[in-house]
Amino acid sequence: MTAHAFTAPPPAPAAVPVLHVRGLTKTYGMTTALAGVDLDLLAGQSVAIMGASGSGKTTLLHCLAGIVRPSSGSVVLTTSAGRVEVSSLPDGQRSRLRRERLGFVFQEGLLIPELTAVENVAMALMLRGVPRPAAEHHAALWLQYLGLAGMEERRIGQLSGGQAQRVAIARAQVTGAEVVFADEPTGALDSDTSREVMQALLHATVGGGRTLVVVTHDDAVAAQCQRVVRLRDGRVVADTLEEA
Amino acid sequence: MSTTAPGAPATDLAPPPPPQGGRSPVTLQVSWLLARRGSGRSAVLALPVIAFATTTTLLLVVLAGALSFLRWDDDVAALYQALAAFAVVLLVVPLTSLGGAAARLSARRRDDRLATLRLLGATTATVARLTVLEAAAVAASGALVGVGGYLVLGPFVQLIPFRGERIGAAFWLAPWVVACVVVAVTLLAALSAVVGLRQVSISPLGVRRRQDAPRAGWVRAVVGGVVVLAVVLSVQVGYADTAVAIAVILGAFGAGLGVLNLLGPWVVSVLARRQVRRADRPERLLAARSMAQSPKAVWRQISGVVMACFVAVVAGSGVSLASASDQPVSGPEQFLTTDIRTGILITVVATFLMVAASAGVTQAAEVLDRAELYRSLDRLGMPEETMVAAQRRTIMVPLLVVTVGAVALSGALVLPLAGLAVAMAPVSVLVIVGCLVLGVLLVRTGVAASRPVLRGVLAEGRS
């Protein structure tokens, strides 16, 4: 089975804000990266965050995911485990939150080169204490789901850019992460591969009722998302729902 | 009031054509510029300096101890001098490894800038000269700090007794010898940088490592096994002629070392494959795959320990046995066994210190090399402890296996001698074993010393 064959879209998601953001600011010395962002991201929604270089989109993603602590404001994450104010958590608990509830896909994949594809995906489960055989079994199912059957034992260097990104998608989803953050996930890919990877990402996340937040420069990527949030100088300047 | 539009030139006059390129020393100019605009990460700069300083201090101390033996010219003086020279030669291997690690770390620090320079049109040769020059400069700074370490340690090392008297003022080296050591360490760093450059490819788009050479094959294991068998058989035979016996023992020693170096990468790779299959936790899997990826690099770091173990077991057994038997109560030979044991302990500790420094520096270089990957793992929620544990296992597991293996192999080579030593001089043997354990703990401390670098790299991703 490949991710390219889309099944019918899931039922319309309930209007539950999985991420509730209010008055978010982030400053670096004299530089203001975020200048008061208010945002509600709904469960099961795909959201593209766009903006020029330096507009604050990656900082926003890092604040939403608990990677960096905002200077002020709040980020409330609501998952099946309950509500949590992300920015107030200590570092260790934010790490745990990312490990257990969130998923990430980076521009270059940033997979561990010495591990095989299946080990890279299984690592996310092993970090949660899942025994290796079970972790690898589940990881292999995700690789097959994303069209990488037969490539489980390949090293990352033996995969194409698009295949490596699918491994990264599998890693982001293998734990059942309820929100997946993707930072320029197709930035290093050609347009055809980019479209395929984006479809795989949407299928693996929104297709399963999860929320996807994508930071991108690429209009074609944004056009595949249900909602587009545009930033300029650290503020939201446009927030539009794309037509189905 | 100015009417100039934002972004428009302030004057109608276009800038003049660029000046012609001249004969200015490009490497020196650019090196100076990069040195002034150094990396803000102090640990990155400090680590290789500390590594070279440790190298120089240890080298000077060992050399000073060895040269202090030149003040004797009686019957046993030649033996003392030969043994001291042997100890110095043994330390060259870990010293080279440490120098190489420091040089590689020094080069990594400039990776981004070197790639940018290539993009600007600098030739591979210019970039290579820059790297070598900088490695040499860092080494020279470290070596000068190391001279300070030698001066600080000197008063304590002077108290060590040889031949019944403290080394005393004979410990201090002539200034020209110290200068030669500083120059030698600097040249060694430059040479290591040249070797290190052959392992990376600096293109305008970045610096990447070249793939390691193919893995060591089973042929090595077979050759090694045959040599070991031949050596074990040869030392079991009784030799009537003492000269032949000494030649056989020395030959066995050399062959044993050769076999270990031949087998080392293969042993690490077999061990790694085994660990990969058995790994049940993230840090174990990461460490095992890391070892499997570059067994030669892992071996390079720990190979110095093999020599130390060989010396500790072979010479230590002999000395322990000799000390348990009747000793001359007077004359130049009365202190010989005690002094050889002291020399062995110093050599073993110095070796482990160098391996520890080398492990710390190499791990730090590894973290800097893969900073973005470590940051991404942190974002995925991988605990810092897991990353540290993986780093530690990458070195400590093969180190322990190699240490135990080297002790067992060298013990097998001199089995009757080692067995007798354990039976007749257990305390002496225990001291040597304790020294090896201390050495392993030193290496563990060295690996742990790279943690601030990891913490700094992760903190950069969180700010």
Given the conditions (1) more than 25 Å from A:Leu39 (Cα to Cα); (2) modelled with pLDDT under 90; (3) not aromatic (Phe, Trp, Tyr), and given that A:Gly150 satisfies all but one, which numbered condition is not satisfied?
-> (2)
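Each row is one residue, and each column tells you yes or no for (1) surrounded by fewer than 24 Cβ atoms within 10 Å (Cβ to Cβ); (2) farther than 28 Å from A:Val105 by Cα; (3) at pLDDT 85 or above; (4) out of contact with any strand residue (DSSP E or B) (no Cβ under 9 Å at 6 or more places or on another chain).
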{"site": "B:Phe352", "(1), (2), (3), (4)": "no, yes, no, yes"}
{"site": "B:Ala356", "(1), (2), (3), (4)": "no, yes, no, yes"}
{"site": "B:Glu372", "(1), (2), (3), (4)": "yes, no, no, yes"}
{"site": "B:Pro398", "(1), (2), (3), (4)": "no, yes, yes, yes"}
{"site": "B:Val401", "(1), (2), (3), (4)": "yes, yes, yes, yes"}
{"site": "B:Ala421", "(1), (2), (3), (4)": "no, yes, no, yes"}
{"site": "B:Met424", "(1), (2), (3), (4)": "yes, yes, no, yes"}
{"site": "B:Val431", "(1), (2), (3), (4)": "yes, yes, no, yes"}
Among the residues listed as A:Ala204, A:Ala182, A:Ala140, the single one being within 13 Å of chain B (Cβ to nearest Cβ), among the small types (Gly, Ala, Ser) and either more than 15 Å from A:Gln224 (Cα to Cα) or touching a residue at least 60 places away in the same chain (Cβ under 8 Å) (or both) = A:Ala182
Does A:Pro113 qualify as being surrounded by fewer than 23 Cβ atoms within 10 Å (Cβ to Cβ), in contact with a helix residue (DSSP H, G or I) (Cβ under 6 Å, 6 or more places away or on another chain) and within 10 Å of another protein chain (Cβ to nearest Cβ)?
-> yes
Scan the range A:143-158 residue by residue and report those that are buried (at least 16 other Cβ atoms within 10 Å of the Cβ), farther than 17 Å from A:Ala124 by Cβ and either over 22 Å from the mean Cα position of the chain (by Cα) or polar (S, T, N, Q) (or both).
-> A:Met151, A:Arg154, A:Arg155
Neighbours by Cβ (under 9 Å, 6+ apart or cross-chain): first from the range B:288-316, closer than 18 Å to B:Ala412 by Cα; second outside any helix (DSSP H, G or I) = B:Val313/B:Val414; B:Val314/B:Val414
Please find, among A:Arg94, A:Arg98, the residue that is among the charged types (D, E, K, R), under 20 Å from A:Leu202 (Cα atoms), buried (at least 22 other Cβ atoms within 10 Å of the Cβ) and within 13 Å of chain B (Cβ to nearest Cβ).
-> A:Arg98
The condition of being modelled with pLDDT of 80 or more and either buried (at least 18 other Cβ atoms within 10 Å of the Cβ) or farther than 30 Å from B:Leu159 by Cβ (or both) holds, among B:Arg274, B:Arg300, only for B:Arg274
For the range B:374-393, how many residues meet the condition of being in contact with a Pro (Cβ under 8 Å, 6 or more places away or on another chain), within 9 Å of chain A (Cβ to nearest Cβ) and assigned to a helix (DSSP H, G or I)?
-> 1
Name the residues in the range A:55-101 that are out of contact with any Asp or Glu (no Cβ under 8 Å at 6 or more places or on another chain) and of a type in the set (Lys, Arg), would you?
-> A:Lys57, A:Arg69, A:Arg83, A:Arg94, A:Arg96, A:Arg98, A:Arg99
For the range B:138-167, enumerate the residues that are farther than 20 Å from B:Ala350 by Cα and either crowded, with 18+ Cβ neighbours inside 10 Å or free of Cβ contacts under 8 Å to residues at least 40 places away in the same chain (or both).
-> B:Val138, B:Ala140, B:Arg163, B:Glu165
So how many residues does the range B:374-392 have that are buried (at least 21 other Cβ atoms within 10 Å of the Cβ) and of a type in the set (D, E, K, R)?
-> 2
Selection status of A:Arg99, under 18 Å from A:Val213 (Cα atoms) and out of contact with any His (no Cβ under 7 Å at 6 or more places or on another chain) = yes
Yes or no: B:Ser376 under 26 Å from A:Ala168 (Cα atoms), hydroxyl-bearing (Ser, Thr, Tyr) and at pLDDT 80 or above?
-> yes
Return the total of residues in the range B:425-463 being over 14 Å from B:Leu368 (Cα atoms), within 14 Å of chain A (Cβ to nearest Cβ) and touching a residue at least 24 places away in the same chain (Cβ under 8 Å).
-> 1
Within the range B:448-462, identify whether any single residue is under 14 Å from B:Val349 (Cα atoms) and of a type outside the set (Phe, Trp, Tyr), and answer yes or no.
-> no
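The values are calculated or read from the model by the stated rules, or taken from the named source; none is laboratory data. On a predicted model such as this, the values are computed, not experimentally measured, just so you know. FYI the Cβ positions are ideal-geometry reconstructions off the backbone, even for glycines, and counts take in every protein chain you see.
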